[in-house]
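Student: Right, I'll just put the structure down here and ask away after.
The values are calculated or read from the model by the stated rules, or taken from the named source; none is laboratory data. Only a predicted model underlies this, so the values are computations on that prediction, with no experimental measurement involved. Note that we place each Cβ from the backbone using ideal geometry, even for glycine, and neighbour counts take in every protein chain shown.
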Amino acid sequence: MPQLPIKNYVLTLICLVAVALGAITALTNNRVPQKPQISGFAFPNPKALYNVNLIDQYSKPLTEHTFNNIWTFIYVGYTFCPDACPLALTTMNQILGILEKQQQAKNVQMLLVSVDPQRDTPERLLEYTKYFNKDFLAATGTAENIKSFAKQVSAVYSLPEDRSDPNYLVDHSSSMILINPEKQVHAIFTPPQKATAIAEDYINLSAQYNSIK
C-alpha cells in the first residue's frame, strides 16, 4: 500500500487544528454576552457619573444619586430651542409610551438638562417639560457645573458671546444619552432618533445588562 507523503500528513494536521480552534472560538463567543446592535453606540466599559451638581425644576439638587437604580434617558439642550429640542422631548415621550405599553417603563426616567441657565430658570423648566410629560425631570445649573456634566455624557454646546438679544440661539449636539442603574453612561442614541427603534434598543440593552448582573 503506497504511503502518503509527509506533506499531506502535515496539511491534514493543520486543518484539524484549525477546525478545533474554530469550534473553541465559536463556543467561547456563545458564552460571552454581546452588545446588541443599536441606533447609536453602547460603551463596552461605561464610566460612572460623578460630582453632578445641578438644580432641578423644583429648585432641588440633582446629583449623581438621582441616577441610582434607575435607567435614565437624557437630552442636553434648552427650552428656547426652536426645533431639535421639542422634537427630542416628543420622541422621549413616545419612547416612554411604547415602554409603558410593553410594561418596560417601571424603571425608566426622562431628563432634560438645559445649557442655558440665563433663561432656563427652574420655573421655566417646570412649565416647559409639563407640556411634554408631567413626569419628566429637568435641570440646569451654573456654567461650570453644566460644562462638567456635559463633558461626562459626551454632549457639546456653544453659547453665543453676545446674549443681549433675548431670542439668541444655542448650538448643541442632538444625541440622546442612556444612563444605567449604576450611574454609568451606557449608550448614546444618535440622530435620526426613532421612538420605536430606541424603545426596542433599550429593551435589548437592559435585558443584556440584567443578564450579567
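Student: Which residues, counting only those in the stretch 60-81, are surrounded by 13 or more Cβ atoms within 10 Å (Cβ to Cβ) and assigned to a loop (DSSP other than H, G, I, E, B)? Steps first, please.
Tutor: Pass one, the stretch 60-81, residues surrounded by 13 or more Cβ atoms within 10 Å (Cβ to Cβ): 61-64, 66-67, 70-81.
Selection gives Thr63, Ile70, Tyr78, Thr79, Phe80, Cys81.
Student: Only residues in the stretch 200-213 that are outside any helix (DSSP H, G or I) count as the first member; pair them with residues that are loosely packed, with under 15 Cβ neighbours inside 10 Å and not aromatic (Phe, Trp, Tyr), Cβ under 6 angstrom, at least 6 apart or cross-chain, and list the lot.
Tutor: Ile212/Pro33
Student: Tally the residues that are farther than 28 Å from Glu200 by Cα and assigned to a loop (DSSP other than H, G, I, E, B), restricting the search to the stretch 36-59.
Tutor: Within the stretch 36-59, residues that are farther than 28 Å from Glu200 by Cα and assigned to a loop (DSSP other than H, G, I, E, B) number 7.
Student: Would you check if there is a residue in the stretch 75-91 being in contact with a Phe, Trp or Tyr (Cβ under 8 Å, 6 or more places away or on another chain) and farther than 25 Å from Pro166 by Cβ?
Tutor: No, there is no match, as no residue in the stretch 75-91 is in contact with a Phe, Trp or Tyr (Cβ under 8 Å, 6 or more places away or on another chain) and farther than 25 Å from Pro166 by Cβ.
Student: Restricting attention to the stretch 189-204, which residues are surrounded by fewer than 20 Cβ atoms within 10 Å (Cβ to Cβ) and in contact with a strand residue (DSSP E or B) (Cβ under 8 Å, 6 or more places away or on another chain)?
Tutor: Answer for the stretch 189-204, where residues must be surrounded by fewer than 20 Cβ atoms within 10 Å (Cβ to Cβ) and in contact with a strand residue (DSSP E or B) (Cβ under 8 Å, 6 or more places away or on another chain): just Thr190.
Student: From the list Pro117, Pro166, exactly one residue is closer than 24 Å to Glu64 by Cβ and over 20 Å from the mean Cα position of the chain (by Cα). Which is it? Spell out the reasoning first.
Tutor: Details: Pro166 fails: closer than 24 Å to Glu64 by Cβ.
After applying the criteria, what remains is Pro117.
Student: Moving on. Condition first: surrounded by 14 or more Cβ atoms within 10 Å (Cβ to Cβ) and either within 13 Å of Lys47 (Cα to Cα) or charged (D, E, K, R) (or both). Now tell me which residues in the stretch 150-176 satisfy that.
Tutor: Scanning the stretch 150-176 gives Gln152, Val153.
Student: Scan the stretch 96-113 residue by residue and report those that are under 21 Å from Leu62 (Cβ atoms), touching a residue at least 24 places away in the same chain (Cβ under 8 Å) and not in a helix (DSSP H, G or I).
Tutor: Listed by number, the residues that qualify are Asn107, Val108, Gln109, Met110, Leu111, Leu112, Val113.
Student: Of all residues in the stretch 41-91, which are touching a residue at least 12 places away in the same chain (Cβ under 8 Å), over 17 Å from Lys151 (Cβ atoms) and acidic (Asp, Glu)?
Tutor: Matches in the stretch 41-91: Asp56 only.
Student: Also, I was wondering about something else. Could you tell me whether the stretch 138-156 includes any residue that is in a loop (DSSP other than H, G, I, E, B), out of contact with any Phe, Trp or Tyr (no Cβ under 9 Å at 6 or more places or on another chain) and at pLDDT below 95?
Tutor: Looking only at the stretch 138-156, we keep the residues that are in a loop (DSSP other than H, G, I, E, B), and these are 141-142, 153-156.
Within this subset, residues satisfying the condition of being out of contact with any Phe, Trp or Tyr (no Cβ under 9 Å at 6 or more places or on another chain) are 142, 153-154, 156.
Filter once more, so that each one left must be at pLDDT below 95: none.
The answer is no; no qualifying residue exists.
Student: Checking the conditions here, which among Asp201, Asp171 is touching a Pro at 6+ places or on another chain (Cβ under 9 Å), among the acidic types (Asp, Glu) and over 20 Å from Met92 (Cα atoms)? Step through it out loud before you land on a result.
Tutor: Values: Asp201 fails: over 20 Å from Met92 (Cα atoms).
Going through Asp201, Asp171 in turn, the sole match is Asp171.
Student: Looking at Val185, Val156, can you tell me which residue is within 22 Å of the chain's Cα centre (by Cα) and either within 20 Å of Leu99 (Cα to Cα) or in contact (Cβ under 8 Å) with a residue 60 or more places away in the chain (or both)?
Tutor: Numbers: Val156 fails: either within 20 Å of Leu99 (Cα to Cα) or in contact (Cβ under 8 Å) with a residue 60 or more places away in the chain (or both).
Among Val185, Val156, only Val185 is within 22 Å of the chain's Cα centre (by Cα) and either within 20 Å of Leu99 (Cα to Cα) or in contact (Cβ under 8 Å) with a residue 60 or more places away in the chain (or both).
Student: Residues in the stretch 118-135 that are under 16 Å from Pro61 (Cα atoms) and either part of a helix (DSSP H, G or I) or out of contact with any Phe, Trp or Tyr (no Cβ under 9 Å at 6 or more places or on another chain) (or both): how many?
Tutor: From the stretch 118-135, those under 16 Å from Pro61 (Cα atoms) are 120-123, 125-126; that's our starting set.
Checking the rest, the ones that are also either part of a helix (DSSP H, G or I) or out of contact with any Phe, Trp or Tyr (no Cβ under 9 Å at 6 or more places or on another chain) (or both) come to 121-123, 125-126.
Summing the residues that are under 16 Å from Pro61 (Cα atoms) and either part of a helix (DSSP H, G or I) or out of contact with any Phe, Trp or Tyr (no Cβ under 9 Å at 6 or more places or on another chain) (or both) in the stretch 118-135 gives 5.
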